[in-house]
1. Output the number of the condition that Leu122 fails; it satisfies all remaining conditions of (1) in contact (Cβ under 8 Å) with a residue 60 or more places away in the chain; (2) open to solvent by 10 Å² or more (accessible area, probe 1.4 Å); (3) more than 8 Å from ligand 1 (Cβ to nearest atom).
2. Please give the number of the condition Lys349 fails out of (1) within 11 Å of ligand 2 (Cβ to nearest atom); (2) surrounded by 20 or more Cβ atoms within 10 Å (Cβ to Cβ).
3. Among (1) more than 16 Å from ligand 2 (Cβ to nearest atom); (2) surrounded by fewer than 24 Cβ atoms within 10 Å (Cβ to Cβ), there is one condition Gly208 misses while meeting the rest; what is its number?
4. Could you check segment 427-446 and list, in sequence order, the residues that are outside any helix (DSSP H, G or I) and either touching a strand residue (DSSP E or B) at 6+ places or on another chain (Cβ under 7 Å) or of a type in the set (Phe, Trp, Tyr) (or both)?
5. How many of the residues making up segment 175-205 are in contact with a strand residue (DSSP E or B) (Cβ under 6 Å, 6 or more places away or on another chain), among the charged types (D, E, K, R) and open to solvent by 50 Å² or more (accessible area, probe 1.4 Å)?
6. Failed condition for Leu390, given (1) farther than 16 Å from Gly376 by Cα; (2) more than 16 Å from ligand 3 (Cβ to nearest atom), with all others met?
7. Pick from Glu103, Glu172: which is open to solvent by less than 40 Å² (accessible area, probe 1.4 Å) and acidic (Asp, Glu)?
8. Quick check on this structure: which one of Ala429, Ala441 is at pLDDT 95 or above, aliphatic (A, V, I, L, M), in contact with a Ser or Thr (Cβ under 6 Å, 6 or more places away or on another chain) and within 30 Å of Leu199 (Cα to Cα)?
Amino acid sequence: MSALPDEFIREIETIVGASGIVRDAERMQSYLSDWRNAYRGKAALVVRPASTDEVAAVVRLCNEHQVALVPQGGNTGLCGGSIPDGSGTQVVLSLTRMTRIREVDPANETITVEAGVVLQMLQEAAVKVGRLFPLSLGAEGSCTVGGNLATNAGGTAVLRYGNMRDLALGLEVVLPDGQIWNGLRGLRKDNTGYDLKHLFIGSEGTLGIITAAVLKLYPAVRSVTTAWVALPSAQAAVELIGLIRGLCGDRLTGFELMSRQSVEFVLRHVAGCNDPFTEVHPWYALIELSDTQPEAPLNDLLEAGIGEALEREWVIDAVLASSEAQVAALWAMRESISEAQNHEGPSLKHDISVPVSRIPEFIETTDQRLLAQFPGVRIVAYGHVGDGNLHYNISKPIGSEDAAFKAQQEAIMRVIYDAAVSFKGSISAEHGLGQAKRAAALRYKDPLELELMRALKATFDPKGLMNPGKVL
Ligand code: FAD
Ligand code: MLT
Ligand code: ZN
């Protein structure tokens, strides 16, 4: 039984057709919990519109009937932003049927896509016209452009190309009252007042529904070199980034740091992943250089950088991938950490950022504090260290009860966020706040900033129907 009147549901069905509605309890399940099963909610209905006009009509109707909406893309988010609350009164609005690539303009280096296009499909569409769409992350086979925009996703190529905010030129958005804002401009320069798209990017579905976007394309990459290096410390990683960037400039497209604990989880749980070294090392980095020239001397450059780092004892050992299969294998080790950590029981995910220079100090002090206060917790630190963004994740102690670990979660988060903020960092660099970090944001964000955010929310969504309980 739905919490919504039959008449309302009939009207929704008139808009999206029978195939655009999910009411059956079993079929609804995949929309009601996240990938890790860390968040679970209930919904009155799942609606799957197939066009912007359908989205607008659904949103208008919900606005008239004061029904709250939870926008959802690929449901790969890590903060519970796309999961409804437990009331069973909210409507999940899934964008996954909006999968059209509306326009590709290679000369303008832009592509216009609908919100439900899966990131990998977008990357492939760019390749077809000899271009690159550079956003890249572990969930790219299922996350959507709408979700990437709504969370301002980062990933592994931010160092070179920026995050989703840097890749978006224009948006089409259905506002909470059902009006359609057509801001699909493919302009790199447009100084005509407030840049509204930036309000919707990173707003996690709390200000409107993103239905389409104009995104930037880049020249295709024609040569790539990838190395896996062993490091004595996180400080060595910071020194190495400076060295490689100095030598290679923007050819450095990725620099991912991984602790031994992270790599051990992958080796234990993910079939086909093998340690490139025979010795065990405290830290590892995955380094990628790329260039638009087919014959760019990337191997020579990286070998020179690593050679110097070996002399300075910032690197202990290194392997350069010599085939596409090896490149894929090294990236698989990095991208599988999230999955591997799931096999070790409940975990706490973090995506803090601090200035790159302060990463080592952050790790050292937070490790010490956590282990003193919560003996046995396993610290799984890894991430986009070139952006100062660390996934300082925590797995429960071996042999401890899940419930005991869950009871400590708030206190553990407090230690980590206090440390990030004390190092002039952020509690969320790329995943957003969702429901997971809402309370923390209220604690750590500047009161004036929060007041301005609330004022914006009230202007766009005076009835508070867009993804309530998330962000603010
Ligand atoms: P969802 O999870 O469906 O939604 C996320 C948020 O966006 C929710 O608040 C939702 O309400 C809102 N939303 C979704 N679509 C719309 C829309 N059309 N209009 C308005 N609001 C909308 N993230 C990173 O930034 N970097 C990473 O490196 C990274 N790696 C990941 C690796 C793995 C294995 C996994 C599972 C996740 C990873 N993520 C990463 C998190 C996640 O994939 C990204 O945040 C992704 O951008 C979410 O896209 P989605 O379509 O799944 O969004
Ligand atoms: C990643 O970079 O792998 C994800 O953003 C982090 C995570 O899954 O915790
Ligand atoms: Zn990440």
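1. Unmet condition: (2).
2. Going through the list (1) within 11 Å of ligand 2 (Cβ to nearest atom); (2) surrounded by 20 or more Cβ atoms within 10 Å (Cβ to Cβ), Lys349 breaks only (2).
3. If we test Gly208 against (1) more than 16 Å from ligand 2 (Cβ to nearest atom); (2) surrounded by fewer than 24 Cβ atoms within 10 Å (Cβ to Cβ), just (2) comes out false.
4. Passing the criteria: Ile427, Ser428, Ala429, Glu430, His431, Lys437.
5. Counting residues in segment 175-205 that are in contact with a strand residue (DSSP E or B) (Cβ under 6 Å, 6 or more places away or on another chain), among the charged types (D, E, K, R) and open to solvent by 50 Å² or more (accessible area, probe 1.4 Å) gives 1.
6. (2)
7. Values: Glu103 fails: open to solvent by less than 40 Å² (accessible area, probe 1.4 Å).
Only one candidate passes the filter, namely Glu172.
8. Of the residues listed, the single one that is at pLDDT 95 or above, aliphatic (A, V, I, L, M), in contact with a Ser or Thr (Cβ under 6 Å, 6 or more places away or on another chain) and within 30 Å of Leu199 (Cα to Cα) is Ala429.
The values are calculated or read from the model by the stated rules, or taken from the named source; none is laboratory data. Computed from a predicted structure; not experimentally measured. All Cβ positions, glycine included, derive from the backbone under ideal geometry; neighbour counts span all protein chains shown. Note: areas computed on protein heavy atoms with side chains; ligands, DNA, RNA excluded. Shrake-Rupley method; radii C 1.70, N 1.55, O 1.52, S 1.80 Å.
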